[in-house]
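The values are calculated or read from the model by the stated rules, or taken from the named source; none is laboratory data. This structure is a prediction, so every number in the text was calculated from the model and none was measured. Cβ coordinates were reconstructed from backbone atoms using ideal geometry, including for glycine residues, and neighbour counts include every protein chain displayed. Ligands, DNA and RNA are excluded from the accessible area calculation, which covers all protein heavy atoms including side chains. Shrake-Rupley method; radii C 1.70, N 1.55, O 1.52, S 1.80 Å.
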Amino acid sequence: MTKLNALSRRALFGAGAGIAAGATLGWADFAQASTKGGPDKLNFTPDGSYATVPLSKTHITLGAVQSRVVPVELSNLKQTRRANVQHMMDLIDASSSLTGKKDLLFFHEFPITGYYQQWNLADARKVAIEVPGEETEMLGKKAREHGCWLVFGSYVRDPDWPDALLSITTIMNDKGEVVDKHWKARNIKGAFGGDFELFTTSIYDVLHRYIEMYGADAVVPVTRTPIGNIATTSTQREPELMRAMAMKGAEIMLRTATGGFSPIDMQATSLYNGIYTAVANNAASPENKYYFADAGGGGTAIYGPDGELMNIAKTAFETLVHARIPIADFRSRHRQPIVHSEIFMPVYEQYRSQYGPDLFSNYQPTDAKDASRYLSDKARWPK
């Protein structure tokens, strides 16, 4: 009898904190926890191949939009949020004007809501959008007008998670329809000297309930589209996550950032996995009154399957970085990354991360300081 069979699914969810601190579950156990949506099994083949849908064209043009990050004003939510969406729409127009049609455009983490460190949970939920919602309707019109796919990050409210703030990357097709929503996989913890912690809810923070609701396959999402298999993430410096996505068939990795990132981390995603990788970072934002105008801006880039730099922003200001991808030829030759898993899996199976999963299953921090207080005694590693 597996650990999961020994407990009811609902009892397992209620016992999340205890599981996080001690016992671990394998993927076979996880799969049995799926009750509401998503397949119980991973979409995975062990022979080097991967699942696809037929391509609609042999080549695609990918554009990474380096745009400003301006937090919406709590005192004027609707108008300032709408202004940010309108700015995105203007940049979509601009992206197709001089250098031709783009098949796929993607933006950084917070082009709609912006980011402000002093927001608490209630504030951030006020500025967050719903997907689908008014903002995606506006952007969907531009997707249809230009016949391009759109990918962008945002703070999101979800009625299924009424107390949580989600960081989600949305994928819209060229008909303006939302085809997928990728949660942030995890937040880094214990890296800010005890001053504050992130309070957004990631997959890892509610892992067992997430699997129960969406299925095991959704933990490492790959969206199979007629322009290629797309994976997205706003997680930095966790190559294992990118490799798992590549193993599941990711061909184009879209990595969002806000306020800086490691270019080596981005380039290595392509080099080690043989896939296309693009990073969209924010631009210098003189309109943002809370931070220095150039704080963390610039560096938006696209890398090829051998880690070669295909294009990079030459400025920290708003700009478009684009590249032509021969997706059909690439797919005809591409296979899963070569990994000798039998060598190191015994080590992985025994490893335990500093903070366990499900820590937000029973308590949702209300702000950055409350998150720091709550997590202060949750580390599994000795100090």
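For this structure, a couple of remarks:
- Any hit, region 107-125, residues being in contact with a helix residue (DSSP H, G or I) (Cβ under 6 Å, 6 or more places away or on another chain) and basic (Lys, Arg): no
- Residue ID - most open to solvent (accessible area, probe 1.4 Å), chosen from residues in region 337-371 that are touching a helix residue (DSSP H, G or I) at 6+ places or on another chain (Cβ under 9 Å) and over 15 Å from Thr200 (Cα atoms): Tyr348
- Only one of the numbered conditions (1) over 19 Å from Leu104 (Cα atoms); (2) surrounded by fewer than 20 Cβ atoms within 10 Å (Cβ to Cβ) is violated by Leu207, and that is (2).
- Filtered residues of region 292-311 (kept if buried (at least 17 other Cβ atoms within 10 Å of the Cβ) and out of contact with any Leu (no Cβ under 7 Å at 6 or more places or on another chain)): Gly296, Gly297, Gly298, Gly299, Thr300, Gly304, Pro305, Met310, Asn311
- Boolean, Gln32 is modelled with pLDDT of 95 or more and open to solvent by 40 Å² or more (accessible area, probe 1.4 Å): no
- The number of residues in region 175-198 that are open to solvent by 20 Å² or more (accessible area, probe 1.4 Å) and touching a residue at least 60 places away in the same chain (Cβ under 8 Å) comes to 7.
- Looking across region 214-239 at every residue that is open to solvent by 10 Å² or more (accessible area, probe 1.4 Å), aliphatic (A, V, I, L, M) and in a loop (DSSP other than H, G, I, E, B), the one that is nearest to Lys175 (Cα to Cα) is identified as Val222.
- You will find that of Pro221, Pro226, Pro239, the residue that is without any contact (Cβ under 8 Å) to a residue 40 or more places away in the chain and under 20 Å from Tyr276 (Cβ atoms) is Pro239 and no other.
- Sole exception among (1) among the polar types (S, T, N, Q); (2) touching a residue at least 60 places away in the same chain (Cβ under 8 Å); (3) in a helix (DSSP H, G or I) for Ser167, by number: (3)
- You will find that of Ser270, Ser332, the residue that is open to solvent by 30 Å² or more (accessible area, probe 1.4 Å), modelled with pLDDT of 95 or more and more than 16 Å from Gly63 (Cβ to Cβ) is Ser332 and no other.
- Among the residues of region 50-60, just one is open to solvent by less than 40 Å² (accessible area, probe 1.4 Å) and closer than 19 Å to Ala143 by Cα, namely Ile60.
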